[in-house]
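Written out below as structure tokens is the structure these notes cover.
The values are calculated or read from the model by the stated rules, or taken from the named source; none is laboratory data. Since the model is a prediction, treat every value here as computed from it, not as a measurement. Cβ: placed from backbone, ideal geometry, glycine included. Neighbour counts: every protein chain shown.
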Amino acid sequence: MIAGRMNDIVTLLRPSVTRDKYGAETVSWTEGSPIHAEIQWKSGATGETVGEFFFSERIDVLIRDQHQVGEKWRVRQLNGNGNLFHIRAIEPSPAKHMNRLICERVNE
């Protein structure tokens, strides 16, 4: 895993779960500062579910390992179309000081 040019800009969104007095959970997202990244497109398709079209897209995002990140966090592209992605897995590469984030597009 060799990092190419870090020409893309993303933000990491950290989840915060709160519960009301009835036990219902609400997730809010705290957006961090913009960081440099390399986005590698993997695959995508359009599908129809219950009369609605959904676009599935998978990407890998390479970031430096100094940035705190966790699974179930989100990534937002800042340059380009501003898509939002779930982080499904994190593959660290300590020798290269990088993390590869395996992401799927959010369809909300």
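In the range 51-73, the residues that are farther than 22 Å from T30 by Cα form Cβ pairs under 7 Å with partners that are hydroxyl-bearing (S, T, Y) and modelled with pLDDT under 90, at six or more places apart or across chains, as follows: F53/T46; F55/T46; R58/S43. Residues in the range 9-59 that are at pLDDT 90 or above, among the aliphatic types (A, V, I, L, M) and not in a strand (DSSP E or B): A24 alone. Could you please give the count of residues in the range 70-102 that are under 11 Å from A37 (Cβ atoms) and either among the β-branched types (V, I, T) or more than 10 Å from the chain's Cα centre (by Cα) (or both)? Residues that pass the stated criteria total 6.
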